[in-house]
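Undergrad: After the structure tokens below, expect a handful of questions from me.
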Amino acid sequence: MAFLPVDEQVKVLLRGCEALYTEQELRAKIDKSAKTGKPLRIKLGLDPSAPDIHLGHSVVLRKLRQFQDLGHKAVLIVGDYTAMIGDPTGKNKTRPMLTPDQVEVNAQSYFNQAGKILKMDSESIEVVRNSSWLGPMNLADALKMASKMTVARMLERDTFEKRYKAGVEIYLHEFMYPLLQGTDSVAIQSDLELGGTDQTFNNLVGRDLQKDAGQDAQCVMIMPILTGLDGTQKMSKSLGNYVGLTDSARDMFGKAMSIPDTLMKQWFTLLTSRPAEEIAILCDGEKTHPRKTKEILGKDIVETYYGRQAADHEAEQFVKVFKEGALREDMPEVAVQPSQLDSGKIWVAKLLHVIGFAQSSSDGKRSVQGGGVMIDERKVTDPNAQIEIKDGMIVQIGKRRMAKLKIG
């Protein structure tokens, strides 16, 4: 296997990186890998606590793909055993334990979405479950593991420190999580572990346990946490400021166009492969108009998951809708059943709920009161209005969401 020279590999891998423990060690590992022809084993742990992933998760996945493209092997660890504890990282309370069935469903969903980014062939990736080595452990093994860490050091971890100072309960099994994650590194003989800034403590524990086991310590590469659509908080599904990997091309592009200008440089760096020099020009308002820059960013993101044709199409449709005030040529058609109508009419708030534009009729009523609802290009101002439904009627909320109605 032909590897790029060490300097070239390191240059690629350091792009967007928040911290590396340590660059000198990574250079030595890459050099040895090139001489022996043996790929590095790059670890990424997956705690399948939720079934969906978003662009924030893609940051480490994209870095893992870079390692694959350079000839190294991704080792994806499914934390089916550690999920029963729940990673306390960033949490101000104990996380609920998952059942084996929940873990399996979430893991399969994760693989399907991660496959949009990673090479999934057997030469490029190895998928293992940590229950295969953690499950057989007995109490003596657990006690030996616990002896590797002091309570004082565990309390240095910001999550535990904050909870302790705030008087929030910390359960003993939560102290085991970093040790179990570190044991994963020993079990697979990891050369480097990837993680976000919130995983630094856990990843460094792996280095210590590997040294104790007589192994070479893994390098640890820390990636930034992607800021969400609001421009202030980390991207999170619970906060609603996310772009999901299963979002439609339309939603991906529209959401990218909505971000604050201040996010463009971070998103270009972490979500695209454009050179730093080009990003600097794109993010300089005196050299490139911000709207044009966002259009390029949106197209790059859509192309990654749907291809260039879809990216060009969404950009074209966006211009027609937002700049020229036209309706989308490819708006979805949504059926309204006759049984949902009363003499051919339906309450506008209920209509929005029925076609999926509102989570409930109450939510639909708030949308009308907010002034963003239009039917056949006429604004609806009465939240109690009864709408007579006709085939081909167009319902809009804002400029991004619109649908053509069909009876039956």
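The values are calculated or read from the model by the stated rules, or taken from the named source; none is laboratory data. Since the structure is predicted, the reported quantities are computational estimates derived from the model, not experimental observations. Glycine also receives a Cβ, built like all others from the backbone with ideal geometry; neighbour counts cover every protein chain displayed. Each accessible area value is taken on the protein alone, full model and side chains, heavy atoms only, with ligands, DNA and RNA left out. Shrake-Rupley method; radii C 1.70, N 1.55, O 1.52, S 1.80 Å.
Undergrad: What are the semi-axes of the equivalent ellipsoid of region 13-169, taken as the square roots of 5 times the eigenvalues of the Cα gyration tensor, listed largest first and rounded to whole Å?
TA: Calculated on Cα positions only, the semi-axes equal 29, 21, 18 Å.
Undergrad: Let me ask something else. Which residue, L341, L229, L64, has the most motion in a Gaussian network model of the chain that connects Cα atoms within less than 10 Å?
TA: Largest GNM mean-square fluctuation: L341.
Undergrad: Let me know the shape class of region 346-408, please: from the alpha-carbon gyration tensor, a ≥ b ≥ c as square roots of the eigenvalues, rounded when a/c is under 1.5, otherwise prolate if a/b is greater than b/c, or oblate.
TA: It comes out rounded by the Cα gyration axes.
Undergrad: For K165, give me every one of the aspartates and glutamates with a C-alpha distance below 20 angstrom, ignoring sequence neighbours fewer than eight places off in its own chain.
TA: Within the straight-line cut-off, K165 pairs with D87, E156, E174, D198.
Undergrad: Between (1) 162; (2) 183; (3) 131, which matches volume of the Cα convex hull per residue in Å³ calculated for the structure shown?
TA: For volume of the Cα convex hull per residue in Å³, the calculated option is (2).
Undergrad: Taking every DSSP beta bridge with both residues inside region 304-408, roughly what % is antiparallel (nearest 5)?
TA: 75
Undergrad: Based on the mean of other Cβ atoms within 10 Å per residue, sort peptides 131-141, 201-211 so the most packed one is first.
TA: The densest-packed peptide leads the list: 201-211, 131-141.
Undergrad: Anyone know which of E18, E156, E295 comes out most mobile in the 10 Å Cα GNM of the chain?
TA: Taking springs between Cα atoms under 10 Å, the residue moving most is E156.
Undergrad: Which links in K116/K404; K345/K406; K148/K211; K63/K287; K234/K365 stretch past 20 Å when you go from one Cα to the other?
TA: Going by Cα-Cα distance, K116/K404; K63/K287; K234/K365 fall outside the 20 Å limit.
Undergrad: Would you look at the GNM of the chain, springs on alpha carbons closer than 10 Å, and say which of T82, T262, T150 moves the most?
TA: Maximum among the listed residues: T150.
Undergrad: Of G370, Q317, G56, which is farthest on the positive side of the dipole of the chain, counting Cα position, with +1 on Lys and Arg Cβ, -1 on Asp and Glu Cβ, and the Cα centre as origin?
TA: Working it through, the farthest residue towards the positive pole turns out to be G370.
Undergrad: Across region 261-408, what fraction of all alpha-carbon pairs, as a whole percent, falls in each successive 10 Å bin from zero upward?
TA: Percent of Cα pairs in each bin: 11, 31, 25, 20, 11, 2, 0.
Undergrad: Using only the alpha-carbon atoms, how far is helix 308-318 inclined from the longest principal axis of the chain? Give it as 0 to 90 degrees, nearest 10.
TA: The angle comes out near 40 degrees.
Undergrad: Using a 1.4 Å probe and counting only protein heavy atoms, arrange V354, V78 so the residue with the most accessible area comes first.
TA: V354, V78
Undergrad: Could you tell me the calculated FRET efficiency between L172 and T232, based on Cβ-Cβ distance and R0 = 35 angstrom, to the nearest 0.05?
TA: Approximately 0.50, to the nearest 0.05.
Undergrad: Now for a different question. If contacts are Cα pairs under 8 angstrom and at least 6 residues apart, what is the relative contact order of region 1-84 in percent?
TA: Once divided by the residue count of region 1-84, the mean separation gives 39 percent.
Undergrad: Still on this structure, I have one more. With runs of 4+ DSSP H residues as the only contributors, calculate the mean residue ellipticity of the chain at 222 nm using -39,500 (n - 2.57) per run, divided by the residue total and rounded to the nearest 500.
TA: Value at 222 nm, helices only: -12500 deg cm²/dmol.
Undergrad: Compute the distance in nm between two label points, each set 7 Å from the Cα along the Cα-to-Cβ direction, one at Y164 and one at R27.
TA: Computed distance between label sites Y164 and R27 equals 3.7 nm.
Undergrad: Test of understanding: what is the full-extension gain from T197 to L143, defined as 0.36 nm times their sequence separation minus their Cα-Cα distance?
TA: 16.6 nm
Undergrad: How long is the gain from H289 to D52 if the chain were fully straight, where each residue apart is worth 0.36 nm and the alpha carbon distance is subtracted?
TA: Net length gain for the segment: 81.9 nm.
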